[in-house]
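The values are calculated or read from the model by the stated rules, or taken from the named source; none is laboratory data. The shown structure was predicted, so the numbers you read here are calculated from the model rather than taken from an experiment. Backbone-built Cβ (ideal geometry, glycine too); neighbour counts: all protein chains shown. Areas reflect the complete protein model, heavy atoms only, side chains present, ligands, DNA and RNA absent. Shrake-Rupley method; radii C 1.70, N 1.55, O 1.52, S 1.80 Å.
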Amino acid sequence: MAKAARRRILTTLLAVLAVAATVAVVVRVLAPAEVETVARDPYPAAPAPTAGVIARLPVAPLVVDGRLRVYAGARQVYADQPVTGRHRVTPFWSYRRWPATLAGVLAEGNTVVSRWSDGTLVALDARTGRVVWRVDGPEPGSVPEPRRTYAGTVWDPAGLYVGRAGTGRTVLLATGPGALGGYDLADGRRLWRVDVDRDCRGDVGTTAGGELVGVDRCEGPAAIELRDVATGVVRTRWRPPDAPGQLVVTPLGCRVGLSGCRGLRTAGPGGENSRGWLVTGPGEPVPAPGLDAPDAALDGERVVDTSGGVVVGRSPRTGEELWRRADIHPARVLAVEPGRVHLLTDRRELVTVDPITGATRSTSVLDLGRDGIAWRPGRAYAVDGYVAVERLRERARPEDDDQGYFLMAEPVLLAAT
């Protein structure tokens, strides 16, 4: 064979190999992928911290099982420990997906559920970080771009809730434009799916009685739907008396996040015609005048109201005053969890009270090092006696970029109460 012919063959072969190598790299980089990095260390014990600020963090934590802190990223959900660590440290476990983006995270017991932009629901065992189950769910639709703390992703995940069915089963609810789905939290088995109109309804949370709360404005004035979490069937369709045409519904007294809520507040877009309701059993919501005030918070069978300049405990059903704390500096309700109402005073004191008696459970100043108290609260969250809050610049506006919005690079404080 002539030397020129051999050179042509060799050149062609090298070109084919180069193309093949390029294709392999493109497939490896662009193909959908997930990376599961499981825990190497034993599951930590639950500490018993003293009251006060325990950590300053760059991102918002979910406290899981009183042992771990779980965080969100653009394409990642990950955990660190101990829960009392002063700073975020190397992940205890991590789970990544690509090219989907993370839309929401929810924790229930030892299970951490992540929801992704393609609709996929992935449950992880919090003790190891291993995938327990993975299913296709409704796509979440347009999710607001998260700020750098990802507080909305982990503390208020859009369209992601849990509910307790009458049988005791824990049901995961995933809702989005055009579809709703219910899944057994234990194994991911789909229990039901309902297709709905895309542009004229939305969901706001679940009730303590095992119902998904939705607002339907597809046919006439907006009405509230209460849908059985176990079957997806609408039990009750109801519109508050004298309700405005555009109805805003706010869940109250929730066990965690917007799940397991015992009350609702209905109002117009500007807060007009504000009315409180209890949703602890089947049937239509029950009037709760004690919840009418926009600053009233519900915890169990007590309302804590700060609207009058002092902290007052009331009956939700009658509005009757049951206790009063005039000794607490002017305060607002920062967060609520079963058995604890967390108040933030204008001196940036965190005062935790028992909603039944009004007695103080703990008091501490939300400050760490030399950070100071010249800030205002953003999103906040509470579970198992832990409270986390974003610190914003005093003049921060929603349209500001993150540098102008948050107080510093580590704007989230985590405190024990």
List the extent of the Cα atoms of the chain along each of their three principal axes, largest first, rounded to whole Å.
104, 56, 41
Got a number for carbon plus sulfur as a percent of the chain's accessible area, 1.4 Å probe?
51
Restricting everything to alpha-carbon atoms, can you work out Rg to Rh for the range 154-276 with a Kirkwood hydrodynamic radius?
0.96
Please find, in a Gaussian network model of the chain (springs between Cα atoms separated by less than 10 Å), the residue of Arg237, Arg397, Arg88 whose mean-square fluctuation is greatest.
Arg397
How high is the FRET efficiency between Asp402 and Asn273 when r is their beta carbon distance and R₀ equals 41 Å, given to the nearest 0.05?
0.70
Nearest-0.05 FRET efficiency for Asp118 and Ala165, computed from C-beta distance (R0 35 Å):
0.80
Can you classify the range 178-218 as rounded, prolate or oblate using the Cα gyration tensor, where a ≥ b ≥ c are the square roots of its eigenvalues, rounded means a/c under 1.5, and otherwise it's prolate if a/b beats b/c and oblate if not?
oblate
Can you give me the solvent accessible area of Leu344 with a 1.4 Å probe, rounded to the nearest 10 Å²?
0
For n ≥ 4 DSSP H runs only, could you compute -39500 (n - 2.57) per run for the chain, divide by its residues and tell me the 222 nm figure to the nearest 500?
-3000 deg cm²/dmol
Please list, ordered by chain and number, the residues whose modelled amide H lies under 5 Å from the amide H of Trp133; skip anything fewer than 5 residues away on the same chain.
Ala123
Report the accessible area of Val38, computed with a 1.4 Å probe over the heavy atoms of all protein chains in place, in Å² rounded to the nearest 10.
40
Which of the three applies to the range 280-355, rounded, prolate or oblate, going by the alpha-carbon gyration tensor with a ≥ b ≥ c and a/c under 1.5 meaning rounded?
prolate
Taking the Cα centroid of the range 391-417 and of the range 267-333, what is the distance between the two, rounded to the nearest whole Å?
28
Top of Thr352, Thr206, Thr318 by mean-square fluctuation, Gaussian network on the chain, Cα under 10 Å:
Thr318
Counting other C-beta atoms within 10 Å, and keeping those with at most 15, which DSSP coil GluC sites (Glu not before Pro) do you find in the range 354-417?
Glu394, Glu399
Just to be sure I understand: with springs between alpha-carbon atoms less than 10 Å apart, which residue in Gly232, Gly372, Gly181 has the highest mean-square fluctuation in the Gaussian network model of the chain?
Gly372
Using a 1.4 angstrom probe on the protein heavy atoms only, could you order Thr167, Thr266, Thr357 from most to least accessible area?
Thr167, Thr357, Thr266
In what order, largest first, do Trp98, Trp155 sit by accessible area if the probe radius is 1.4 Å?
Trp98, Trp155
